[in-house]
Amino acid sequence: ATPTALMVGTGRGAQLGILIKGPEVLENTRRADTIVLDKTGTVTTGTMTLLRTHTLEGTEEAEVLRLAGALEHASEHPIARAVASGAAEKVGTLPVPEDFANVPGLGVQGIVEGHAVLVGREKLLAEWAMELPAELARAKAEAEAAGRTAIAVAWDGEARAVLEVADAVKPTSAEAITRLRGLGLTPVLLTGDNQAVAESVAAEVGIGPEDVIAEVMPEDKVDVVKRLQGEGRSVAMVGDGVNDAAALAQADLGLAMGTGTDAAIEAGDLTLVRGDLRAAADAIRLSRRTLGTIK
Ligand code: ADP
Ligand code: MG
């Protein structure tokens, strides 16, 4: 393509809500044959709601919500926001933790009112040699089979509750994925969330379980991209979170959700300004047209 065609391509991109870092990006956009999609905040809205609390016999729901809500109030994770606001709605003002730490990809831990509290994946509890009692493990399995994310709450060495949170698939995601397939790309859903939840979201947008890669730690997302590249694929990756930044940089083409974090936007080659996945298909069409491969 001539420099003029490239300039026209980038200008048209801006009209479609696609910001391209430079004309050289178009070539990788044209070549992509695989598109890795982060789940939370990319395929789904990322706005989660606290739906239910399952408590262990003898544990008060209000106590669970006070302690878990207090810790999650200190985190900016979409799950944390759901738990903190759901808890505040039910129990009012939340205590301020005496100590707090984010454990990326696993949850949060800290001290609230003198209790050592954990909120997050079962794996976080396992790191502290705790496990879910059968009653809570069953609630977790049922929630996940229904496509919800189940979060464990433990304090003072004992798992005491499971919280159910869920977010919704964006109304444009399924259409976007159909269009990406139409352009010859294979979509792959990548997430730190549980396998059952990931498969349920994937099914909703037309991705089969064979193209779901779940329970991936934030620092390992980049290795998934490398592995696909090692199979000779040209990999585009779409993400929104801090935990996607390294993978976006590693991908042959990094697409950041404009509604996402600055870290993702800085790491990407291209920004989908409106956070609409259909713009990823637009970007690929546009680059192919600009570079003269389709009419
Ligand atoms: P994703 O890849 O879908 O954006 P993350 O890597 O941020 O997800 O998180 C992976 C999983 O870790 C979540 O699905 C959740 O189970 C758990 N988790 C992470 N942060 C928190 C938190 N603040 N509170 C509870 N659970 C959390
Ligand atoms: Mg995300």
- [ ] List every residue pair whose Cβ atoms sit under 7 Å apart, with the two residues 6 or more apart in sequence or on different chains, where the first one lies in the stretch 102-120 and is of a type in the set (A, V, I, L, M) and the second, anywhere, is within 16 Å of ligand 2 (Cβ to nearest atom) and not in a strand (DSSP E or B).
- [x] Leu106/Arg121; Val108/Ser75; Val108/Ala80
Task: Selection status of Gly69, at pLDDT below 95, within 13 Å of ligand 1 (Cβ to nearest atom), touching a Gly at 6+ places or on another chain (Cβ under 9 Å) and not polar (S, T, N, Q) - done: no
TODO: Output the residues belonging to the stretch 147-174 that are basic (Lys, Arg) and away from ligand 2 (no atom under 16 Å from the Cβ).
DONE: Arg148, Arg160
Open item on the list: Please go through the stretch 51-103 and give me each residue that is surrounded by fewer than 16 Cβ atoms within 10 Å (Cβ to Cβ) and among the basic types (Lys, Arg), ordered by number.
Closed with: Arg52, Lys90
Open item on the list: Return the residues of the stretch 243-269 that are at pLDDT below 95 and either outside the structural domain of Val224 (by TED's automatic domain parsing) or outside any loop (DSSP other than H, G, I, E, B) (or both); say none if nothing qualifies.
Closed with: Asn243
TODO: Go over the candidates Arg181, Arg138, Arg160 one by one and state the one that is touching a helix residue (DSSP H, G or I) at 6+ places or on another chain (Cβ under 9 Å), more than 18 Å from Glu215 (Cα to Cα) and more than 12 Å from ligand 1 (Cβ to nearest atom).
DONE: Arg160
Open item on the list: Take Leu248 and tell me if it is surrounded by 21 or more Cβ atoms within 10 Å (Cβ to Cβ), touching a residue at least 24 places away in the same chain (Cβ under 8 Å) and in contact with a helix residue (DSSP H, G or I) (Cβ under 8 Å, 6 or more places away or on another chain).
Closed with: no
Task: Residue pairs meeting the criteria (Cβ under 6 Å; at least 6 apart or on separate chains; first under 28 Å from Asp240 (Cα atoms), in the stretch 75-99; second among the acidic types (Asp, Glu)) - done: Ala80/Glu72; Val83/Glu72; Ala84/Glu72
Task: Elements of type helices (runs of 4 or more DSSP H) contained in the stretch 131-242, each with 1 or more residues being in the same structural domain as Gly105 (by TED's automatic domain parsing) - done: 134-145
- [ ] Sort out for me the strands (runs of 3 or more DSSP E) sitting completely within the stretch 8-118 that have 2 or more residues that are more than 24 Å from Val212 (Cα to Cα).
- [x] 18-20, 49-55, 99-103, 107-112
Task: Asp282 vs. criteria within 16 Å of ligand 1 (Cβ to nearest atom) and assigned to a helix (DSSP H, G or I) - done: no
Task: Residues located in the stretch 23-47, provided they are closer than 23 Å to Arg227 by Cα, within 16 Å of ligand 1 (Cβ to nearest atom) and not β-branched (Val, Ile, Thr) - done: Leu37, Asp38, Lys39
- [ ] Go over the candidates Asp33, Asp38 one by one and state the one that is surrounded by fewer than 17 Cβ atoms within 10 Å (Cβ to Cβ) and either under 30 Å from Ala281 (Cα atoms) or touching a Cys at 6+ places or on another chain (Cβ under 9 Å) (or both).
- [x] Asp33
Open item on the list: Just to be sure I understand the filter: pairs with C-beta atoms under 9 Å, separated by 6 or more residues or on different chains, first member in the stretch 192-208 and on the phi > 0 side of the Ramachandran plot, second member among the polar types (S, T, N, Q). Which pairs pass?
Closed with: Gly206/Thr178
Open item on the list: Just to be sure I understand, how many residues within the stretch 14-30 are under 21 Å from the mean Cα position of the chain (by Cα) and loosely packed, with under 15 Cβ neighbours inside 10 Å?
Closed with: 0
- [ ] Scan the stretch 67-96 for residues that are closer than 21 Å to Thr261 by Cα, away from ligand 2 (no atom under 16 Å from the Cβ) and touching a Leu at 6+ places or on another chain (Cβ under 6 Å) and jot them down.
- [x] His73, Val83
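The values are calculated or read from the model by the stated rules, or taken from the named source; none is laboratory data. As the structure is a computational prediction, the values presented were derived from the model and not from experiment. Glycine gets a Cβ as well: all are built from the backbone with ideal geometry, and neighbour counts include every protein chain shown.
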